[in-house]
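K.L.:
I'd like to ask you about the structure that follows.
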Amino acid sequence: MIQFSNVSKRYSNGFEALKDVSLHIAKAEMAFLTGHSGAGKSTLLKMIPLIERPSAGSVTIDERPLAQVKRRKIPALRRDIGVIFQDSKLLNDRTVFDNVALPLLVSGLHHPREAGRRVRAALDKVGLLQRENDFPVYLSGGERQRVGIARAVVNRPKVLIADEPTGNLDPALSREIMLLFEQFNQVGVTVLIASHDLELIGAMDKRIMVLSKGRLLADQGGLGGT
Amino acid sequence: MIQFSNVSKRYSNGFEALKDVSLHIAKAEMAFLTGHSGAGKSTLLKMIPLIERPSAGSVTIDERPLAQVKRRKIPALRRDIGVIFQDSKLLNDRTVFDNVALPLLVSGLHHPREAGRRVRAALDKVGLLQRENDFPVYLSGGERQRVGIARAVVNRPKVLIADEPTGNLDPALSREIMLLFEQFNQVGVTVLIASHDLELIGAMDKRIMVLSKGRLLADQGGLGGT
Amino acid sequence: MALKQVQPPSRPAAQRSRTGLKQRLRNYFALHFHVLTTTLAQLGRSLSGNLMTTMVIGIALALPATLHVFLNKVDNLGASWQESAQVSLFLKVKLPAQALGGLTTELNSWPEIGSLEYISPEQALEEFKQTSGLGDALAFLDQNPLPGVMLVSPALAFQTPAAVETLRQRLSQLPEVDLAQLDLEWLQRLHGLIRLAERAVLLLGGLLALAVLFVIGNTIRLAIQSRHDEIEVIKLIGGSDAFVRRPFLYNGMWFGLFGGLLAWLLVNVLLVNLDQPVRQLAELYGSDFSLGLVDTKTTLLLLVLGPLFGLLGAWLATGRHLRAIEPS
Amino acid sequence: MALKQVQPPSRPAAQRSRTGLKQRLRNYFALHFHVLTTTLAQLGRSLSGNLMTTMVIGIALALPATLHVFLNKVDNLGASWQESAQVSLFLKVKLPAQALGGLTTELNSWPEIGSLEYISPEQALEEFKQTSGLGDALAFLDQNPLPGVMLVSPALAFQTPAAVETLRQRLSQLPEVDLAQLDLEWLQRLHGLIRLAERAVLLLGGLLALAVLFVIGNTIRLAIQSRHDEIEVIKLIGGSDAFVRRPFLYNGMWFGLFGGLLAWLLVNVLLVNLDQPVRQLAELYGSDFSLGLVDTKTTLLLLVLGPLFGLLGAWLATGRHLRAIEPS
Ligand SMILES: Nc1ncnc2c1ncn2[C@@H]1O[C@H](COP(=O)(O)OP(=O)(O)OP(=O)(O)O)[C@@H](O)[C@H]1O
Ligand SMILES: Nc1ncnc2c1ncn2[C@@H]1O[C@H](COP(=O)(O)OP(=O)(O)OP(=O)(O)O)[C@@H](O)[C@H]1O
Ligand SMILES: [Mg+2]
Ligand SMILES: [Mg+2]
């Protein structure tokens, strides 16, 4: 489903963050990405929703080369991809409910009952149902991160991308969130997660790709540990 | 040096994030704070630089009750405390160098040679010396977090407070940063770190305090594990 | 996933199960109404700050509007200004009454001529005695040396200095007329004054219209800057440019509308304040002219142009600045 | 830590080893200079947006300044307006030359009187023949019925309608004078016009001054909003309120200064544009009056008031809004 072919990325300051990376993630697969700080994990993930574009090589989703997606069509593409960021990127002037409802609003769902049902289902999954009327500044770091996760899944995307989704969560909660991602994966969502927590991702028994200084070092299917 | 006496914190929405917490951290001690997401770790840390004030009980630093610090005197207090936040809180319109130099500017050090020397020393400690002219958006999540650490230590504070400083770092780098904190501690800085990474903090062989639902559950001196 | 696989991939998930036209239209209007009301609510929330913006827009709109109202009123005065364009015909001395009647009939048929007024030699002498201050001195005269005078006011369409001068020359050719005199200077002064006022209003109006555009554009630009993160997030989530722009456009419109309302208020305050000196001045000219309040036309103009300018300013500001914000 | 333990705890670390007064002063000025230049650089960087703000301020400052310059020039015209306050003394007929000389000497000694002009009966008749259009008719006269006329212009300080009227009454008591006449109406009209203009300038100037304050205040307020995170971080690091406020104050000052410069330019553009119609108008009144460019005093006023208003606006905006931002 997601195909990287000889992708390199040189940033405007001349730094080469990805070097000749090729990989394929199948439909409804769940995979992890790991590597040292600055290895290029976030750079790789950002290419899928077209936040960054490769300087060489190509990325295709569903056989569709992203290089050919016109500016006007980018929003539609992004609506099909749920993204969880390293920092949660919530809007501070809206309640938790409104933050999670945003993707629905953006894709044109205004029916209040239906929207409310979906938002509450998503919040329930991350254990924050009772906080729907709070503003993000009232939440702890881990709670904010979980709201970000709820927002990413509320519109039932086809692809879920998560950048360090458990960086602010305690071990027990981290495992719960990973199980949640696995549930999504089981109903057919393609899931790609970047994480440093080798213990956590090792226990998941899924494919693990290791980046180092922009190169894909190892690509182990379903083995625990590094 | 830092004394919490029966501190409770009820937020404006009625939620009680800390319940009757008492603890004492000695001068030049290094201690860890752990607990589940939403346990109250950040709330506790925020009381030291007067970002939050207790609703009951009192906090004193160096025998000085914080409740009596006047509004005008808060900046001077904060200049003596290095704070590392869960999100790195860098200024995006300044280079890494200028971000790290900010605390020096704020406390009135303008001598360019001296400031440059200190900023570069701090950046060197977190391994980002060669990135001093980049803007924060050009950095990876872990790099940003390390810049935040450099900023917190550049002014040689008497107290160092870190909220999840290694949440975005890989295990090897996390250990390095912990050793850096330990070095600071060894020259007399009082260090208090909130973290979920039990493995990491267990290996440090320092005092660990455990918060749960706003209460101080355990307080173990120099024992590994929970 | 069974549910989803039958759907085309590029349509947002939320719309997949509802594609009826009616539902879409309803969605569309619901969205606009939602944005309309939420932007208004936002405006209300940070009232004190937005009041400042609104005040500036109001002031900028009020000044040219006041001038417009003022000149409008003065234009309506037309009639009392007309006098200044009069041509005085000094008739031949001892003109027979029937020649005078013939002249009157002929002149009345000329399209250039608006109205006539005849002053007989006796009236002229009387008036001359009174106004010249030579009353006693003129008692020496044993006969009336003055001719009859016909005051000719040109029709409205013929009041430019050139047209009046042509008329004067035609009139001076008439056999009954000894001399056709015109206070052309006064007419030219009047036209000079009007030209000056028009030029000033044009410059002022232009500058202030520009100022309104700038104020609104600037406010929206800074609003965009201060909501930079929000815009980034919405774009990341898949919000289209139109979706992102919409609240700012409504915002500009609200600013313009409230600015227009405030301007209306200000214009009235200005008019009331200027009314007394204007009235005093007018009295001296023997006119009962007074400014009154804003007319309906200007009111409507303010309430239409205000939001329009707001929209335009917002459009200009969003065009450049929204595009520049991209997620990173 | 050995180094540190000898230092008092509440002094920031960076200052601990350097407490000399000279060094502190140098630090202080270095800081201000740093903020002064960095805010200017910031302004330069986002030029297009800041240009808008500057334009609005410039326009708002330019309009009252133009009016000020205009009225100033008109005030300097004083001399040519004075005529309108003339009193015409119709002297007794056949006044002996030496009585006339005595009258002239006496009147010249009155402080109320600015200047005198004598028109002999012969001159008067000649002028009357020409201006009345009765040239031929007056040929009937076998002797000159006209008296000599003395035109009296009041001194500058005695040109109010009331003072001129008092003067006229005093003059009419003189034995040599037959009649003292005054076109009081014209004088009153003039004063009415001046009152109106003054009132208009006051209102306009007040409104626009308010607009300048609002524009600058608003710009600073939105700048504060858009740098919310930055302010929060600086406060967290221990930046004092003054430290946080300083760049915004300088920012306001820069806006005011550039706005003032722009206003100066605009005023000149306006004056040049209005010069032609004004000159045409003045020519009709036989004056060679022309607007010219902005005088030095107004230039200085703009360049001082601009930054001052900028500073004031920034002060007002920062006072409320900076305090509201606290780290969380
Ligand atoms: N916009 C940019 N311009 C220049 N360099 C960049 C930019 N973004 C990232 N980089 C650099 O590219 C490298 C890879 O960054 P990336 O964010 O992909 O790392 P990462 O693997 O996600 O690291 P982390 O675990 O710390 O988040 C880093 O060295 C970073 O400094
Ligand atoms: N300003 C606030 N208003 C209301 N409730 C708040 C506020 N800040 C925090 N809380 C609540 O207080 C509780 C403790 O928050 P705190 O940030 O201290 O947790 P934490 O231990 O740091 O959690 P994490 O590991 O997720 O960062 C949370 O449930 C949070 O929702
Ligand atoms: Mg990353
Ligand atoms: Mg926390």
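K.L.:
Under the condition of being in a helix (DSSP H, G or I) and not hydrophobic (A, V, I, L, M, F, W, C), which residue from the stretch A:119-139 is nearest to the other protein chains (Cβ to nearest Cβ)? I'd like the intermediate steps shown before the answer.
P.N.:
Quick first cut of the stretch A:119-139, residues in a helix (DSSP H, G or I) only: A:119-125, A:129-131, A:136-138.
Add one more test, that the residue is not hydrophobic (A, V, I, L, M, F, W, C), and what stays is A:120, A:124-125, A:130-131, A:136, A:138.
Numbers: A:ARG120: 15, A:ASP124: 16, A:LYS125: 15, A:GLN130: 10, A:ARG131: 9, A:PRO136: 10, A:TYR138: 6 Å.
Of everything passing the filter in the stretch A:119-139, A:TYR138 is nearest to the other protein chains (Cβ to nearest Cβ).
K.L.:
Continuing with the same structure: Do the conditions hold for A:LEU90, that is, is it in a helix (DSSP H, G or I) and modelled with pLDDT of 90 or more? Break it down into steps so the answer makes sense when it comes.
P.N.:
Numbers: in a helix (DSSP H, G or I): no; modelled with pLDDT of 90 or more: yes.
So A:LEU90 does not fit the description; no.
K.L.:
Could you tell me which of the residues B:THR95, B:THR60 is hydroxyl-bearing (Ser, Thr, Tyr) and out of contact with any helix residue (DSSP H, G or I) (no Cβ under 8 Å at 6 or more places or on another chain)? Steps first, answer last, please.
P.N.:
Details: B:THR60 fails: out of contact with any helix residue (DSSP H, G or I) (no Cβ under 8 Å at 6 or more places or on another chain).
Every option except B:THR95 fails the conditions.
K.L.:
Still on this structure: If A:ALA172 passes every condition in (1) closer than 25 Å to A:LEU91 by Cβ; (2) within 15 Å of ligand 2 (Cβ to nearest atom) but one, which one does it miss?
P.N.:
Only one criterion in (1) closer than 25 Å to A:LEU91 by Cβ; (2) within 15 Å of ligand 2 (Cβ to nearest atom) is unmet by A:ALA172, namely (1).
K.L.:
Within the stretch B:90-107, can you find the residues that are at the interface with chain D (Cβ under 7 Å from one of its Cβ atoms) and surrounded by 21 or more Cβ atoms within 10 Å (Cβ to Cβ)? Step through it out loud before you land on a result.
P.N.:
Initially, the stretch B:90-107 is screened for residues at the interface with chain D (Cβ under 7 Å from one of its Cβ atoms), giving B:91, B:102-104, B:106-107.
Within the stretch B:90-107, B:LEU102, B:PRO103, B:LEU104, B:VAL106, B:SER107 meet the criteria.
K.L.:
Here is a further query. For B:THR43, indicate whether it is within 16 Å of ligand 4 (Cβ to nearest atom), on the phi < 0 side of the Ramachandran plot and surrounded by 15 or more Cβ atoms within 10 Å (Cβ to Cβ).
P.N.:
Details: within 16 Å of ligand 4 (Cβ to nearest atom): yes; on the phi < 0 side of the Ramachandran plot: yes; surrounded by 15 or more Cβ atoms within 10 Å (Cβ to Cβ): yes.
Yes: the conditions hold for B:THR43.
So that you can scan it fast, the table gives a plain yes or no per residue for (1) away from ligand 1 (no atom under 11 Å from the Cβ); (2) not small (Gly, Ala, Ser):
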{"residue": "A:ASN6", "(1), (2)": "yes, yes"}
{"residue": "A:SER22", "(1), (2)": "yes, no"}
{"residue": "A:MET30", "(1), (2)": "yes, yes"}
{"residue": "A:ARG78", "(1), (2)": "yes, yes"}
{"residue": "A:ASP87", "(1), (2)": "no, yes"}
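K.L.:
Taking A:VAL147 as meeting all but one of (1) of a type in the set (Val, Ile, Thr); (2) under 23 Å from A:GLU114 (Cβ atoms); (3) more than 16 Å from ligand 4 (Cβ to nearest atom), write down the number of the exception.
P.N.:
Evaluating A:VAL147 over (1) of a type in the set (Val, Ile, Thr); (2) under 23 Å from A:GLU114 (Cβ atoms); (3) more than 16 Å from ligand 4 (Cβ to nearest atom) leaves (3) as the failure.
K.L.:
Are there any pairs with C-beta distances below 9 angstrom linking a residue in the stretch A:16-39 that is farther than 22 Å from B:ILE177 by Cβ and among the aromatic types (Phe, Trp, Tyr) to a residue that is in a loop (DSSP other than H, G, I, E, B) and more than 16 Å from ligand 2 (Cβ to nearest atom), with the two at least 6 apart or on different chains, and if so which?
P.N.:
A:PHE32/A:SER195; A:PHE32/A:MET204; A:PHE32/A:LYS206
K.L.:
If I ask for residues that are buried (at least 21 other Cβ atoms within 10 Å of the Cβ) and either in a strand (DSSP E or B) or within 16 Å of ligand 4 (Cβ to nearest atom) (or both), which ones from the stretch A:60-86 would you list?
P.N.:
The answer is A:ILE61, A:ILE81, A:GLY82, A:VAL83, A:ILE84, A:GLN86.
K.L.:
Out of the stretch A:145-176, which residues are within 13 Å of chain B (Cβ to nearest Cβ), surrounded by 24 or more Cβ atoms within 10 Å (Cβ to Cβ) and away from ligand 3 (no atom under 16 Å from the Cβ)?
P.N.:
Correct list: A:ARG146, A:VAL147, A:ILE149, A:LEU169.
K.L.:
Can you name every residue in the stretch B:109-144 that is surrounded by fewer than 18 Cβ atoms within 10 Å (Cβ to Cβ), under 12 Å from B:ASP98 (Cα atoms) and within 9 Å of ligand 1 (Cβ to nearest atom)?
P.N.:
Listed by number, the list holds a single entry, B:PHE135.
K.L.:
Here's another thing I want to ask about it. Could you identify the single residue in B:GLY148, B:GLY142, B:GLY116, B:GLY167 that is within 16 Å of ligand 2 (Cβ to nearest atom), not hydrophobic (A, V, I, L, M, F, W, C) and not in a loop (DSSP other than H, G, I, E, B)?
P.N.:
On the way: B:GLY142 fails: within 16 Å of ligand 2 (Cβ to nearest atom); B:GLY116 fails: within 16 Å of ligand 2 (Cβ to nearest atom); B:GLY167 fails: not in a loop (DSSP other than H, G, I, E, B).
After ruling out the rest, the residue left standing is B:GLY148.
To keep it simple, each residue is scored yes or no on (1) charged (D, E, K, R); (2) more than 9 Å from ligand 2 (Cβ to nearest atom).
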site	(1), (2)
B:TYR11	no, no
B:GLY14	no, no
B:GLY38	no, no
B:SER58	no, yes
B:ARG64	yes, yes
B:ALA76	no, yes
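So that you can scan it fast, the table gives a plain yes or no per residue for (1) of a type outside the set (Val, Ile, Thr); (2) within 14 Å of chain C (Cβ to nearest Cβ):
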| site | (1), (2) |
| --- | --- |
| D:ILE234 | no, no |
| D:ARG245 | yes, no |
| D:LEU249 | yes, no |
| D:LEU265 | yes, yes |
| D:ASN268 | yes, yes |
| D:ASP275 | yes, yes |
| D:LEU300 | yes, no |
| D:HIS321 | yes, yes |
| D:GLU326 | yes, no |
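K.L.:
Continuing with the same structure: Does A:LEU50 meet the test of being at the interface with chain C (Cβ under 10 Å from one of its Cβ atoms) and either out of contact with any His (no Cβ under 8 Å at 6 or more places or on another chain) or not β-branched (Val, Ile, Thr) (or both)?
P.N.:
yes
K.L.:
For the stretch A:119-144, what are the residues that are within 15 Å of ligand 4 (Cβ to nearest atom) and either farther than 21 Å from B:SER42 by Cα or in contact with a Gly (Cβ under 9 Å, 6 or more places away or on another chain) (or both)?
P.N.:
A:LEU139, A:SER140, A:GLY141, A:GLY142, A:GLU143
K.L.:
Could you tell me whether any residue of the stretch B:196-218 is at negative phi, away from every other protein chain (no Cβ under 14 Å) and surrounded by fewer than 14 Cβ atoms within 10 Å (Cβ to Cβ)? Don't jump to the end; show me each part of the working.
P.N.:
Initially, the stretch B:196-218 is screened for residues at negative phi, giving B:196-204, B:206-212, B:215-218.
With away from every other protein chain (no Cβ under 14 Å) added as a condition, the list becomes B:204, B:206-207, B:209, B:215-216, B:218.
If we keep only those that are surrounded by fewer than 14 Cβ atoms within 10 Å (Cβ to Cβ) too, we end up with B:218.
Yes - at least one qualifying residue is present in the stretch B:196-218.
K.L.:
Quick check, is B:ALA150 more than 13 Å from ligand 1 (Cβ to nearest atom), among the small types (Gly, Ala, Ser) and either more than 26 Å from D:PRO247 (Cβ to Cβ) or more than 18 Å from the chain's Cα centre (by Cα) (or both)? Break it down stepwise before answering.
P.N.:
Numbers: more than 13 Å from ligand 1 (Cβ to nearest atom): yes; among the small types (Gly, Ala, Ser): yes; either more than 26 Å from D:PRO247 (Cβ to Cβ) or more than 18 Å from the chain's Cα centre (by Cα) (or both): no.
No; evaluated as a whole, the condition is false for this residue.
K.L.:
Quick one: in the stretch A:10-54, which of the residues that are closer than 23 Å to C:VAL233 by Cα and of a type in the set (D, E, K, R) is farthest from the chain's Cα centre (by Cα)?
P.N.:
Applying the filter and picking the extreme gives A:ARG53.
K.L.:
Same structure again: Can you name every residue in the stretch C:61-96 that is modelled with pLDDT of 75 or more and out of contact with any Leu (no Cβ under 9 Å at 6 or more places or on another chain)?
P.N.:
C:LYS92, C:LYS94, C:PRO96 - these are the residues of the stretch C:61-96 that are modelled with pLDDT of 75 or more and out of contact with any Leu (no Cβ under 9 Å at 6 or more places or on another chain).
K.L.:
So is B:SER42 within 16 Å of ligand 2 (Cβ to nearest atom) and within 14 Å of chain A (Cβ to nearest Cβ) or not?
P.N.:
Details: within 16 Å of ligand 2 (Cβ to nearest atom): yes; within 14 Å of chain A (Cβ to nearest Cβ): yes.
Yes; evaluated as a whole, the condition is true for this residue.
The values are calculated or read from the model by the stated rules, or taken from the named source; none is laboratory data. Just so we're clear, the structure is a prediction, and the values are computed from it rather than from any experiment. Every residue, glycine among them, receives a Cβ derived from its backbone with ideal geometry; neighbour counts consider all protein chains shown.
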